[in-house]
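Quick notes on the structure that follows.
The values are calculated or read from the model by the stated rules, or taken from the named source; none is laboratory data. As the structure is a computational prediction, the values presented were derived from the model and not from experiment. Note that we place each Cβ from the backbone using ideal geometry, even for glycine, and neighbour counts take in every protein chain shown. Each accessible area value is taken on the protein alone, full model and side chains, heavy atoms only, with ligands, DNA and RNA left out. Shrake-Rupley method; radii C 1.70, N 1.55, O 1.52, S 1.80 Å.
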Amino acid sequence: LAMSCGNSPFPSLLDHDDRVGGQKFRRKGRGPFRAPMYSSGGPGPRARFDDEDGDVAMTDSSSQDGSSQHRFNPYGRQNRRGDDRFERGRRGGNRGRGNSRGDGGDHNTWFKMSIPHGKKYDKDWLITGLQNICSVPFTPVHFHTEGNRAQFYVDDSTTASALSRVSRKITDKDGYKVTVLMNPCPPPSFLQSELKPADLEHLKLGMNVFLVMGLFFFPQLVCLNLSNNKLFRLEYLSELVSKVPNLKILNLSHNELKTERELDKIKGLKLVELWLERNPLCDYFKDQTVYISAVRERFPRLLKLDGQDLPPPIVFDVEDTPAALPPCKPSYFCSEEIKSAILGFLQQYYSVYDSGDRQPLLDAYHDGAAFSLSVPFTMHNPSRCSLGDYHKDTRNLKKIKDPTSRFRLLKHTRLNVVAFLNELPKTQHDIASLNVDVNTFTNTLLSFTVSGVFKEVEGKSRDSVRAFSRVFITVPAGGTSLCIVNDELFVRNATTEEIRRAFVAPAPTPSSSPVPTLSAPQQEMLTNFSLKSGMNLEWSQKCLQDNEWDYIRAGRVFTDLKAHGKIPDVAFIK
């Protein structure tokens, strides 16, 4: 279904279009918008001396406008009219004015609203703030900045007066009041040469009727031609986004769109073809690539622009092709060889680390190794922090700014590193919780991150569960052994979910005592269980012991834990 407003089905409403036989508009001299010299309610002979920003009726010393508080008056008489001259048009005292919405007033009068120092404000913040407190709904026309001021136009006195009443009722983030100044003016220059005020009213009404009538067939509309309609704003078309879900082709050529920002009002459309040629916005782009990029930023599926084919778009359309995401992998290894080396290293490292005597870890560190510890920045009060034992040595760079302190908290050489590790609370790590991600791998360097949970086993924080992330940078140390050159440890309190899942799977308890001697039947059972399950002897023995050497029950427990992914990879390293 296609629809065109170039030859509109509502000619009486859109008769501003030159093609429908209406009188063409031509400027001559200063144009028809020039007010009579002495017309009732119109600008008087002194109007040419008026400051274009209007009366700055501000006596507050905290004004943000740097200009004088008194208006320049070449006749030497005080201006007694004040802002109430705009209100008289509403009360009937000034019948030469009125608004442009059919009250019988002068359609040539618009109002320029100025915000001193408004250039520093975000446009959306400023306009939204004014719309939220203004008693009359309004849409700003031609929002722009001039010097340090932000300015826009409205086309009726009711809206202008309502806006002037919200002056200094909005406070910015620096504590300054936002001032709103009002000044009557002829229609803006871009309208004087392009669109008559009466035509503007017809256009508004025509677009409203167009939208209402179109509700009956919009869902099937795929092509819409709005070319040659003197459109300079697109907010009246914003409803197309929700009303025309199937629209693919839109022709906006030969209109008066000044900037590509107007396209933001319809960027929800899933267009594949768009025509914008012969709009002023096209003249701002000297580079065709930049022009295409700016349009495609709003319409990423576009295949044709102004009749020219575009390169295929690169889009990620997840809403049209819903698919279940693959399950998250607990660990990432580059190869089975690296996986075997890392898991073997971690099993040995944490077996010693949790044993109560960390001195043997000297063999795991390089002579020039470095170590640092950090805890979350929010944990800044040791007396109220459950991580107090870690806090005094934290090297969190967001908290520690002094270079000397940063250097002091960095532990150098393997002797200092292991001595410091011995001072940290005694722990038991949940091996089943460990996740490993390889960051970098070369023939001479291996960097990987280990994350998981552990609990403290002594002191005032006994049984407290912590979460950690640890980055090891290692180098080969002969065979499959690794030697640590850099160790970064981050510790935080575990979340409720992490605590709930911690220490669920069976894990061997590190102990320096000798392993109990097994009987011949137990030895045979252990060998068979290891062969059937694929686990190494240490984990197979732990599983059998936890189930009182009941082979059948141990097998069921193993099958259930493996099905739920609760048995760590280290259990299968032989």
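Points worth noting:
- Our coupling estimate for the stretch 114-125, obtained by passing each phi through the Karplus curve with A = 6.51, B = -1.76, C = 1.60 and θ = phi - 60°, is 10, 10, x, 6, x, 4, 6, 8, 5, 4, 4, 4 Hz, Gly and Pro reported as x.
- Accessible surface for Ser340 stands near 60 Å², nearest 10, in the context of the full protein assembly shown (1.4 Å probe).
- Rg/Rh for the stretch 423-494, where both radii come from Cα atoms and Rh is the Kirkwood radius: 1.05
- Straight-line reach from Lys392: taking Cα to Cα under 24 Å and skipping same-chain neighbours fewer than 8 places apart, the lysines in range are Lys401, Lys411, Lys426, Lys455, Lys460.
- Exceeding the 28 Å Cα-Cα cut-off - candidates Lys112/Lys173; Lys120/Lys248; Lys230/Lys286; Lys112/Lys258; Lys119/Lys248; Lys119/Lys243: Lys120/Lys248; Lys119/Lys248; Lys119/Lys243
- Leu303 contributes about 80 Å² of solvent-accessible surface, heavy atoms of the protein only, 1.4 Å probe.
- Where Trp110, Trp549 fall by accessible area, highest first, once all protein chains stay in place (1.4 Å): Trp549, Trp110
- For Asp463, the solvent-accessible surface computed with a 1.4 Å probe is close to 90 Å², ligands and nucleic acids excluded.
- Overall, the stretch 415-574 carries a charge dipole of about 200 debye about its Cα centre when +1 sits on the Cβ of Lys and Arg and -1 on the Cβ of Asp and Glu, all other atoms neutral.
- Test item: Cα-centred dipole of the stretch 396-468, Lys/Arg +1 and Asp/Glu -1 on Cβ, debye: 400
- Karplus 3J(HN,Hα) series, Hz, for the stretch 171-182 with 6.51 cos²θ - 1.76 cosθ + 1.60 (x for Gly, Pro): 10, 7, 5, 8, x, 8, 7, 8, 8, 10, 10, 10
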